[in-house]
Amino acid sequence: MKLHTPLLAAAIVLALTACGKSSEPAATPDTLAPAEAAPAPEAAPAVDASATAAATDATAATADQCTFNLEGNDAMQYNVKNIDVPKSCTQFTINLKHTGTMPVAAMGHNVVIAKTSDMNGVAADGATVQPDHVKAGDTRVVAHSGMVGGGQSTSITFDVPKIADGSYSFFCTFPGHSTMMHGTLTLV
Ligand code: ZN
């Protein structure tokens, strides 16, 4: 059989050629390439599959990685100047706790997300807006919380892709606070 096969293939080629160029030349490659059929299958070891699964788990963000607990105090300060936001998070949550005792009217804090270059404008436009100190429908604002006083907490959640197109900051829009109460968001 083996010896006859090349001859048979050659005969078919000759026959096709003889029949004219318009007669189904597409059939020729299959006939001439029996050696390419059924290469020895290399079964993927089960070890590789589990290793891949472990790697996937390692890169997937956990809820803890996609949440940050921010604090504000009676001295008009947040407790950090930067918050790292993992790119692997679909959404990111910032919980703000006012650790002081002063009332919201005197030492109110919130957390607002906007481009760093828009921070002053957002804060200025929100200065006279009660009670949240954020202009209604301000499209520069990615997210903002309500205003809280001592002992109170609030929270914001935003879509991480929304802070991917530039430099973003978080800040407090209580009048006068953003000059001290601001920090950067860094995608990591
Ligand atoms: Zn504040």
Candidates SER153, SER145, SER117, filtered to the one that is within 29 Å of the chain's Cα centre (by Cα) and under 19 Å from ALA75 (Cβ atoms):
SER153
Residues (part of a loop (DSSP other than H, G, I, E, B), within 14 Å of the ligand (Cβ to nearest atom) and not hydroxyl-bearing (Ser, Thr, Tyr)) located in the stretch 70-124
ASN73, ASP74, ALA75, MET76, GLN77, ASN79, GLY100, MET102, PRO103, GLY108, ASN110, VAL111
Quick one: MET180 ticks every box in (1) touching a residue at least 60 places away in the same chain (Cβ under 8 Å); (2) within 12 Å of the ligand (Cβ to nearest atom); (3) within 26 Å of the chain's Cα centre (by Cα) except a single one, so which number is it?
(3)
What are the residue pairs meeting all of these: first residue in the stretch 148-162, first residue at negative phi, second residue β-branched (Val, Ile, Thr) and exposed (fewer than 13 other Cβ atoms within 10 Å of the Cβ), Cβ atoms under 8 Å, and 6 or more apart or on different chains?
GLY150/THR101; ASP159/THR90; VAL160/THR90
Are there any pairs, at least 6 apart or on different chains, whose C-beta atoms fall under 9 Å, with the first in the stretch 91-102 and within 22 Å of ALA63 (Cα to Cα) and the second among the acidic types (Asp, Glu), and if so, which?
GLN91/ASP159; PHE92/ASP159; LEU96/GLU71; LYS97/GLU71
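Taking the stretch 149-188 as the region of interest, how many residues are more than 29 Å from SER88 (Cβ to Cβ) and open to solvent by less than 10 Å² (accessible area, probe 1.4 Å)?
Count: 3.
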Number of the condition not met by GLY137 [criteria: (1) in a loop (DSSP other than H, G, I, E, B); (2) of a type outside the set (Val, Ile, Thr); (3) in contact (Cβ under 8 Å) with a residue 12 or more places away in the chain]
(3)
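The values are calculated or read from the model by the stated rules, or taken from the named source; none is laboratory data. What you are looking at is a predicted structure, and each value in this text was computed from that prediction instead of being measured. Please note: Cβ atoms are built from the backbone with ideal geometry, for glycine as well, and neighbour counts cover all protein chains shown. For accessibility, only protein heavy atoms count, side chains too; no ligands or nucleic acids. Shrake-Rupley method; radii C 1.70, N 1.55, O 1.52, S 1.80 Å.
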